[in-house]
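A.B. asks: Structure below; questions to follow.
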Protein chains: 2
Amino acid sequence: MTVLVSMITISGLTAVGWAQPPKHEPVKASTNELPREDDQAVRNIVAGYEKAWNAHDMPALAKLFCEDAQWVNKVGMYWRGRDEIMVAHTAFHETIFKNHSYRTDAVETRAIAPGVAVAVATETFDGFKAPDGRDWPKARNRLSYVLVKGPDGWKIAHGQNAEVDEVAAKHDPVKKERK
Amino acid sequence: MTVLVSMITISGLTAVGWAQPPKHEPVKASTNELPREDDQAVRNIVAGYEKAWNAHDMPALAKLFCEDAQWVNKVGMYWRGRDEIMVAHTAFHETIFKNHSYRTDAVETRAIAPGVAVAVATETFDGFKAPDGRDWPKARNRLSYVLVKGPDGWKIAHGQNAEVDEVAAKHDPVKKERK
């Protein structure tokens, strides 16, 4: 937020004060706000990821990624390039995620450079049984997408997921500050 | 890696083989390779984060971030803006991380757009006691940094961390592919 200090001279008196913006001045976007159509395109990618996941549609999922995209999943697996990302997703959607789905609850977007955006999605991720046999209960996930705008529109360049630990969340120092 | 298959005709015989690149051809950088000095600057930021963390030097840590940086930690806490990131880090470094340290084991960098890089760091993170009383044992972390180059050099625009689940890691479909 920019705050202007103005010098106002009235009848020979000088006052220093906080200037009010002119009433009909257009609202100035924050420096990291995406243009409306880019914001919509980025949200469409995030929505497309959910749709492809829930339909277990791997070709649709693959289209969302740059060729050199990378991905870190919530247990720290690290896949380099769209091919690896798709090998992993295909293997899991044939097995542990065969009937799995999730719901996107909130998406926050921002520009970090021209043609580069970050979207943070908060999701409700259904429970599943991991390949190692452990049961993962239904949980919130928080997923950072890094997207770039290329000749074919916005694509995912990088992504990382985390599971929200609801016990830890009660001790978030920022949440305490906000009280 | 690009592999060339060449047709070589010798004395009327045709052989198919793996071509060796001409000896004096300049090495072609991959499209997402950072220029050397940017790569070094990005690695300096990642190293600076470790140094500031281990020294619990909050002013040094703050200097690494863009003002509008965001951060998702490994338990899914989501901080918006450098001020929130610093409130959280300061609170934790006065308490649970007062004597904590970690070691960066590997860093992979790449450019995703002009002046925008992603660095993925794999770290050995010492154990600690969480504010909710739980003991977190020593573990590997995997941390994605998204960095932008501005007038003051490279800064962190976004970060997200995850703990590597070593049990799950044995079932990484990509690792299986690599065998």
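Readers should treat all values here as calculations from the given coordinates under stated rules, not as data from a laboratory. Small disclaimer: the values here were computed from a predicted structure and weren't measured. Please note: Cβ atoms are built from the backbone with ideal geometry, for glycine as well, and neighbour counts cover all protein chains shown.
A.B. asks: Give the residue, chosen from B:Trp71, B:Trp79, that is without any contact (Cβ under 8 Å) to a residue 12 or more places away in the chain, buried (at least 18 other Cβ atoms within 10 Å of the Cβ) and within 10 Å of another protein chain (Cβ to nearest Cβ).
C.D. replies: Of B:Trp71, B:Trp79, the one residue that is without any contact (Cβ under 8 Å) to a residue 12 or more places away in the chain, buried (at least 18 other Cβ atoms within 10 Å of the Cβ) and within 10 Å of another protein chain (Cβ to nearest Cβ) is B:Trp79.
A.B. asks: Now, a different point. The conditions are (1) closer than 28 Å to A:Ile156 by Cβ; (2) within 12 Å of chain A (Cβ to nearest Cβ); (3) in contact (Cβ under 8 Å) with a residue 24 or more places away in the chain, and B:Ile45 fails exactly one of them. Which is it?
C.D. replies: Every condition holds for B:Ile45 apart from (2).
A.B. asks: Can you name the residue in region B:32-68 that is hydrophobic (A, V, I, L, M, F, W, C) and not in a helix (DSSP H, G or I) and, of all such residues, is surrounded by the most Cβ atoms within 10 Å (Cβ to Cβ)?
C.D. replies: Top of the filtered list is B:Phe65.
A.B. asks: Do the conditions hold for A:Arg110, that is, is it basic (Lys, Arg) and at the interface with another protein chain (Cβ under 9 Å from one of its Cβ atoms)?
C.D. replies: Taking the combined requirement at face value, the residue satisfies it.
A.B. asks: Please work out which one of (1) facing chain A (nearest Cβ under 7 Å); (2) more than 19 Å from the chain's Cα centre (by Cα) is the condition B:Gly115 fails and give its number.
C.D. replies: All conditions are met except number (2).
A.B. asks: Still on this structure, please answer the following. Give the residues of region B:73-108 that are among the polar types (S, T, N, Q), under 15 Å from B:Pro131 (Cα atoms) and not in a loop (DSSP other than H, G, I, E, B), sorted by residue number.
C.D. replies: B:Thr90
A.B. asks: Being β-branched (Val, Ile, Thr) and facing another protein chain (nearest Cβ under 8 Å) is the filter here, so list the residues in region B:152-179 that pass it.
C.D. replies: B:Val164, B:Val167, B:Val174 - these are the residues of region B:152-179 that are β-branched (Val, Ile, Thr) and facing another protein chain (nearest Cβ under 8 Å).
A.B. asks: Additional query: Of the residues in region B:109-135, how many are more than 15 Å from A:Gln70 (Cα to Cα), touching a residue at least 24 places away in the same chain (Cβ under 8 Å), touching a strand residue (DSSP E or B) at 6+ places or on another chain (Cβ under 7 Å) and not basic (Lys, Arg)?
C.D. replies: Here the count works out to 6.
A.B. asks: Of all residues in region B:123-151 being part of a loop (DSSP other than H, G, I, E, B), charged (D, E, K, R) and touching a Lys or Arg at 6+ places or on another chain (Cβ under 9 Å), which is nearest to the other protein chains (Cβ to nearest Cβ)?
C.D. replies: Residue satisfying both the conditions and the ranking: B:Asp132.
A.B. asks: Do we find that B:Lys129 is loosely packed, with under 15 Cβ neighbours inside 10 Å and of a type outside the set (A, V, I, L, M, F, W, C) in this structure?
C.D. replies: Judged against the criteria, B:Lys129 is a match.
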